[in-house]
Structure formats: structure tokens, C-alpha cells
Amino acid sequence: MRRVTAQWAVRMVAAVLALLAGLCRSEAGEGSLAERVIWAVNAGGEAHTDTHGIQFRKDPLEGKVGKASDYGMRLPILRSSPEDQVLYQTERYNEDTFGYDVPIRDEGDYILVLKFAEVYFAQSQQKVFDVRLNGHVVVKDLDIFDRVGHSTAHDEIVPFSIKRGKLSVQGEVSTFNGKLVIEFIKGYYDNPKVCALYVMKGKPEDVPKLQPHPGLEKREEDEEEEEVEVGDDGVKKSTSSSPKNPVRSGPRTPNPYAADNSSLMFPILVAFGVFIPTLFCLCRL
């Protein structure tokens, strides 16, 4: 009897510890990625569950605001897994500012992940817009093609926190009334858009990374290797002479002077000009 009672007591203690551990993980925002996502939408498209288990719902703005487009379905999207390319191949755009409302009840640290891909324009300065979060501009002058090029996945990661009725994002604070308002702001260059987006509990390092892109990695390495020196006035000055341009395509511009031999002919002409008069004078002597 004592042995049975002891076993029962051990099992009860183990169950209680497991329950407490689960509660602690829940309060700390731990758990699987899919469990921490509180809201996700496949803009301009149908419902989709990605490779991480995140369940993107069908676009709630369908038939209400803006226009849905699946123009990108004809293109493969770089940096995205084949199973999740649909999240970047469909989009919603509007000829004016538009957005989504996300209800949030619990306080804590959150991440807003915005997914984009430029599938139409083939150069920069064709589509440029801002993204605003409850009145705070969190993404300024977003030019997708300038950032990553054509038909390439690009994620904007925006961390924010909600504590004691206040929203804190990028050093700015405002009153929070239980609703997160995500807006895509109409600018001078074409219409704002978004391919997909989600809100999750956690930190930026918890967000899954996109697949590597050789051209983008090379550019990022060049930017990291840029040397910075401090002048006599204490101001940091960059010593790199190469501009931070996006990934380039096409052949390099040929050197217009590569086939110019005039610099080689000039000394020869001078030599002839000096030799002939000298030879003429010698002959007269």
C-alpha cells in the first residue's frame, strides 16, 4: 500500500511540475512558432499554411478595399521555399492608403512581419511607399526592387511592445486601445501593396530567415567591411569609396578609352618631329 501511495505521489508531483513548466513557457512567450503567431493574412490570396505551421487566413479585405493580384504566380520567387512562394506571388494593392486592423489583448513583446516581392516593375523608383503602425512610420520609402531586385522575397521585421496601455515602437510611444492598425501609405510612386503579413509574440531573432541570395549576401558583406575612422573633431567618417547600391544586373559598362591608342602615338609623333629637322641640319653640314 505504501509503495502504491509513493508511486501515486511521484506521479502527481511530476504532473504538477509539467503543468507549471507549461505555464511558465506560455507566460514567457515560448512554444512553437505557429503557437506564438496571433494573426496572419495572405494578402490578395487564399488561406495557406506555411512550412513553419503558420496559418495564413484568406484576405479579409477581399471585395472591400483595394485590388487583389496574382500576377506573380507566373514567376518563381527567389529566397522563398517552393511551398511558400504563394505568399509572395499574390498581393493586395490600392490607389490610396489602406491597411489591416489586428486585435491584441495581451501585453508583451511582439513582432510584425511584412512580406513583399516586386513582380511587375523592373527598376527602382517605380513603386515607393511607407508603412505606418498606429500612426508611427515604421518603414520609410520602401522600394522593393531597390532593396532586393525583381521577383525576390523581402521581409520587413518590425518589433514593438505593449505594456500598461502603451505601444512602444522604434523609440516612439503612444496610447494603445487594443487594436493594432497597420497602414500602407500612398506615395508619389505608384500604389502601396503587401503580399502577406503576420503578428507574433517574441523577439526579432525568433522570425524565420529567408533563404540566402548570393548577390544580396555579397552586398551585405561589402557594407559590413566598410571601414570607419574617427576624425580630429570626433566625427566618424566612412573611408569606403564604393556606393551602397542594390544588386546589379547586366554587363558592366565598357571603358570608352579602352581602344584609344592616341596616348601611345603622341610620343612617337614628337620623336619624329625632333628627328627630321635634326637630320636635315646634319645633311646641310
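Quick look at the values:
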{"quantity": "Criterion violated by ASN134 - all others in (1) polar (S, T, N, Q); (2) free of Cβ contacts under 8 Å to residues at least 40 places away in the same chain; (3) closer than 21 Å to ASP106 by Cβ satisfied", "calculated": "(2)"}
{"quantity": "Residue in the range 112-119 that is of a type in the set (Val, Ile, Thr), within 22 Å of VAL65 (Cα to Cα), out of contact with any helix residue (DSSP H, G or I) (no Cβ under 6 Å at 6 or more places or on another chain) and buried (at least 17 other Cβ atoms within 10 Å of the Cβ) present", "calculated": "yes"}
{"quantity": "Candidate set from the range 173-203 (those that are touching a Gly at 6+ places or on another chain (Cβ under 9 Å) and of a type in the set (Lys, Arg)); member that is least open to solvent (accessible area, probe 1.4 Å)", "calculated": "LYS193"}
{"quantity": "Residues of the range 118-143 satisfying the condition of being under 15 Å from PHE98 (Cα atoms) and basic (Lys, Arg)", "calculated": "ARG132"}
{"quantity": "Single unsatisfied condition, PRO82 versus (1) under 26 Å from ASP50 (Cα atoms); (2) open to solvent by less than 20 Å² (accessible area, probe 1.4 Å)", "calculated": "(2)"}
{"quantity": "Meets criteria (in contact (Cβ under 8 Å) with a residue 60 or more places away in the chain and under 18 Å from ALA153 (Cα atoms)) for ILE77", "calculated": "yes"}
{"quantity": "Strands (runs of 3 or more DSSP E) enclosed by the range 35-101 - at least 2 residues per element that are within 15 Å of LEU197 (Cα to Cα)", "calculated": "37-42, 55-58, 91-93"}
{"quantity": "Within the range 170-195, considering residues that are in a strand (DSSP E or B) and hydrophobic (A, V, I, L, M, F, W, C), the one farthest from the chain's Cα centre (by Cα)", "calculated": "VAL173"}
{"quantity": "Selected residue (only one of GLY72, GLY53, GLY45, GLY63 is modelled with pLDDT of 90 or more and either among the polar types (S, T, N, Q) or touching a Phe, Trp or Tyr at 6+ places or on another chain (Cβ under 7 Å) (or both))", "calculated": "GLY72"}
{"quantity": "Of all residues making up the range 140-169, the number that are of a type in the set (A, V, I, L, M), free of Cβ contacts under 8 Å to residues at least 40 places away in the same chain and not in a strand (DSSP E or B)", "calculated": "1"}
{"quantity": "Some residue of the range 157-169 being modelled with pLDDT of 95 or more and farther than 19 Å from GLY135 by Cβ", "calculated": "yes"}
{"quantity": "Boolean, SER124 is farther than 23 Å from ASP190 by Cα and hydroxyl-bearing (Ser, Thr, Tyr)", "calculated": "no"}
{"quantity": "Residue match in the range 194-208 (condition: touching a helix residue (DSSP H, G or I) at 6+ places or on another chain (Cβ under 9 Å), under 23 Å from GLU107 (Cα atoms) and among the charged types (D, E, K, R))", "calculated": "yes"}
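The values are calculated or read from the model by the stated rules, or taken from the named source; none is laboratory data. It should be emphasised that the depicted structure is a prediction, and the values quoted were computed from it without experimental measurement. Positions of Cβ are generated from backbone atoms using ideal geometry, with glycine treated the same way; all protein chains shown enter the neighbour counts. In case anyone asks, the SASA skips ligands and DNA or RNA and just uses the protein heavy atoms, side chains included. Shrake-Rupley method; radii C 1.70, N 1.55, O 1.52, S 1.80 Å.
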